[in-house]
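Participant: One structure is given below, represented as structure tokens, and several questions about it will come after.
The values are calculated or read from the model by the stated rules, or taken from the named source; none is laboratory data. All of these numbers come straight from a predicted model, not from anything done at the bench. Cβ atoms come from the backbone with ideal geometry, glycine included; neighbour counts cover every protein chain shown.
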Amino acid sequence: MSQSPEPATPSSIWGGRFASGPAAVMQEINASIGFDKRLYRQDIAGSKAHCAMLAASGIISEADANAITSGLDAILWEIENGSFPFRVAYEDIHMNVEVRLKEMIGEPAGRLHTARSRNDQVATDFRLWVRDALDSADIGLAGLQAALLAQAEAHAGTVMPGFTHLQTAQPVTFGHHMLAYVEMFGRDRSRLKDARARMNECPLGAAALAGTSFPIDRFQTAAALGFDGPTRNSLDSVSDRDFALEAMSGLSIVGIHLSRIAEELVIWTSAPFGFVRLPDSFSTGSSIMPQKRNPDAAELCRAKAGRLIADLNALLIVMKGLPLAYSKDMQDDKEPTFDAFDTLGLCLAAMTGMISELTVNAERCKAAAGQAFSTATDIADWLVRVLGMPFRDAHHVTGAVVKAAEAQGCDLAALPLEAMQAIEPRITADVYTVLTVEASAASRVSYGGTAPEQVRRQCAEARQRFAL
Ligand code: ARG
């Protein structure tokens, strides 16, 4: 889109009291059109709602309102067809649209800004944009949940090691592990939904800061733009950017969740693990090592959590200590917010692609699940259940059994019964039934546990709960 500079004459919009135009550097630091052109759809929708309300309230004539509305539609068409002249001299999207409207329809264009200011205009546009972006993020998150759920269903019975401290802890199922992320992204969705509900109030009509002397109907414009109602304090209306902060904190938490699963993909696809293989379409090669398959997309998802947090931080710092009402500092709200939503959209798409197309090496997972005495807890549980031992004593006895297996260089299932009985004479051969990784996982049937039957139940519930 073209951005032709205009001569440095006073602004035709606000230059009434100015003798000269802005210095080039002033224009450069001041203009936001380079990025806030992304608000064009919201800006035009806001203007159309405002215009209809001005006419309905008798503040402008029907004829002027019709001219303004058709002009705005023509501008929308121009922007979407790439022929709209974006001009830095007119600073931002609001003035670019208004100046163009004047060029198109003449005098009535000047009536559109009655009972409004760029301060309530930008607050409205930006809210509308963030609201739409939250809706897109929700769709992206639901898509990722669906991909995770499909893997969970396919691998409800695939045993893998569960870790704490990244040390082998107990066998779990791959499906159970996928469902952990379905829960996380489900909470993320509900956080974004909360933020959306809280932000859905319309600042339009707050004007510059104090409201207006015109008999406007703020309920009408709020309803026309899909808000639950108008905001209640005009100073707050033009000063509030909580909605963007809240959305970006939600996005940062999504980013953290994405970085955790990304990290696991990096680990799982590494040769020593080999639990998972990413398809060629989500792997990259090395320019020097022909055998390499690098999980770059996962690494980048891991990295971009940092960027999401930085975007949130940038706006938190912009807002800190700002006196009421509007300050131009707040123009710097948009770039980090746009960046955060763009970044998240890309990461969600990449992660959804990786999760949908990864293949699980069930043999490798199962072999790893049996390493490092991962069924030791099952012995302790057997001692409690069958011999009636207190768990603390059972833990102690099992520790000695693990020590014996370690000394003999075998795993628990291969330790002879006599060796176990030397530690606790009441142990019988029945104990071996709990020592396979499958039996271990299958025994954990408590609600939300890792047993395949639980995982299948949780998959079915998740399908309903998240409407996937
Ligand atoms: N481009 C400005 C922004 O994004 C619009 C509001 C300008 N208001 C003003 N009083 N100069 O914040």
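Participant: So A314 ticks every box in (1) without any contact (Cβ under 8 Å) to a residue 60 or more places away in the chain; (2) under 23 Å from D138 (Cβ atoms); (3) in contact with a Pro (Cβ under 7 Å, 6 or more places away or on another chain) but one. Which box is left unticked?
Facilitator: (2)
Participant: While we're on this one: Restricting region 114-153 to residues that are buried (at least 17 other Cβ atoms within 10 Å of the Cβ) and in a loop (DSSP other than H, G, I, E, B), which is farthest from the chain's Cα centre (by Cα)?
Facilitator: The residue in question is A115.
Participant: Let me ask another. Please name all residue pairs, on different chains or six or more residues apart, with Cβ atoms under 6 Å, provided the first residue is in region 58-73 and is surrounded by 21 or more Cβ atoms within 10 Å (Cβ to Cβ) and the second residue is among the hydroxyl-bearing types (S, T, Y) and in a helix (DSSP H, G or I).
Facilitator: What qualifies is L72/S47.
Participant: Pick out the one residue from R364, R293 that is in contact with a Gly (Cβ under 9 Å, 6 or more places away or on another chain), over 25 Å from G250 (Cβ atoms) and modelled with pLDDT of 95 or more.
Facilitator: R364
Participant: Exactly one condition in (1) exposed (fewer than 15 other Cβ atoms within 10 Å of the Cβ); (2) at pLDDT 95 or above; (3) away from the ligand (no atom under 16 Å from the Cβ) is not met by C301; state its number.
Facilitator: Failing condition for C301: (1).
Participant: Could you tell me whether region 219-228 includes any residue that is at positive phi, more than 16 Å from the ligand (Cβ to nearest atom), modelled with pLDDT of 95 or more and of a type in the set (G, A, S)?
Facilitator: Yes, the conditions are met somewhere in region 219-228.
Participant: Restricting attention to region 74-98, and to residues there that are of a type in the set (A, V, I, L, M) and closer than 15 Å to Q27 by Cβ, which single residue is nearest to the ligand (Cβ to nearest atom)?
Facilitator: My answer is M95.
Participant: If only one of M319, M330 is among the hydrophobic types (A, V, I, L, M, F, W, C), within 16 Å of the ligand (Cβ to nearest atom) and under 15 Å from S249 (Cα atoms), which one is it?
Facilitator: Being among the hydrophobic types (A, V, I, L, M, F, W, C), within 16 Å of the ligand (Cβ to nearest atom) and under 15 Å from S249 (Cα atoms) holds for just one of M319, M330, which is M319.
Participant: Can you tell me which of (1) surrounded by 17 or more Cβ atoms within 10 Å (Cβ to Cβ); (2) within 30 Å of A206 (Cα to Cα) is the one I309 doesn't meet?
Facilitator: I309 satisfies every listed condition except (2).
Participant: Within 16 Å of the ligand (Cβ to nearest atom) and either modelled with pLDDT under 95 or closer than 17 Å to F243 by Cβ (or both): does that describe L204?
Facilitator: Spelling it out, L204 is indeed within 16 Å of the ligand (Cβ to nearest atom) and either modelled with pLDDT under 95 or closer than 17 Å to F243 by Cβ (or both).
Participant: Residue under question is A89, and the condition is that it be of a type in the set (A, V, I, L, M), outside any loop (DSSP other than H, G, I, E, B) and more than 22 Å from S11 (Cβ to Cβ); does it hold?
Facilitator: It is false that A89 is of a type in the set (A, V, I, L, M), outside any loop (DSSP other than H, G, I, E, B) and more than 22 Å from S11 (Cβ to Cβ).
Participant: Kindly indicate whether any position in region 302-321 is over 23 Å from the mean Cα position of the chain (by Cα) and either assigned to a helix (DSSP H, G or I) or not hydroxyl-bearing (S, T, Y) (or both).
Facilitator: yes
Participant: If you don't mind, there's one more thing I want to ask. Pairs please, first residue from region 332-361 and more than 22 Å from E153 (Cβ to Cβ), second anywhere and acidic (D, E) and in a helix (DSSP H, G or I), Cβ atoms under 8 Å, 6+ apart in sequence or on different chains.
Facilitator: K334/D36; P336/D311; T337/D311; D339/D311; A340/D311; T343/D311
Participant: Which pairs have Cβ atoms under 8 Å, sit 6 or more apart or on different chains, and link a residue in region 452-468 that is over 25 Å from V159 (Cβ atoms) to one that is among the polar types (S, T, N, Q) and surrounded by 15 or more Cβ atoms within 10 Å (Cβ to Cβ)?
Facilitator: Short answer, once both residue conditions are applied: F466/Q145.
Participant: Hey, another quick one. For region 384-401, give me each residue that is surrounded by fewer than 16 Cβ atoms within 10 Å (Cβ to Cβ), closer than 14 Å to L415 by Cα and under 47 Å from the mean Cα position of the chain (by Cα).
Facilitator: G399
Participant: Hey, another quick one. Assuming A372 fulfils every condition listed in (1) aliphatic (A, V, I, L, M); (2) within 16 Å of the ligand (Cβ to nearest atom); (3) assigned to a loop (DSSP other than H, G, I, E, B) apart from one, which condition is it?
Facilitator: Against the list (1) aliphatic (A, V, I, L, M); (2) within 16 Å of the ligand (Cβ to nearest atom); (3) assigned to a loop (DSSP other than H, G, I, E, B), A372 comes up short only on (2).
Participant: Can I ask one more? Considering only residues that are more than 14 Å from the ligand (Cβ to nearest atom) and within 16 Å of T343 (Cβ to Cβ), which ones fall in region 125-137?
Facilitator: Those that are more than 14 Å from the ligand (Cβ to nearest atom) and within 16 Å of T343 (Cβ to Cβ): A133, L134, S136, A137.
Participant: Is region 105-112 home to any residue that is at pLDDT 95 or above, within 30 Å of A63 (Cα to Cα) and within 16 Å of the ligand (Cβ to nearest atom)?
Facilitator: yes
Participant: Select from region 199-223 the residues that are touching an Asp or Glu at 6+ places or on another chain (Cβ under 7 Å) and farther than 25 Å from M248 by Cα and list them in ascending order.
Facilitator: G205, A207 - these are the residues of region 199-223 that are touching an Asp or Glu at 6+ places or on another chain (Cβ under 7 Å) and farther than 25 Å from M248 by Cα.
Participant: Hey, another quick one. Among the residues of region 383-398, is there at least one that is touching a residue at least 60 places away in the same chain (Cβ under 8 Å) and not aromatic (F, W, Y)?
Facilitator: no
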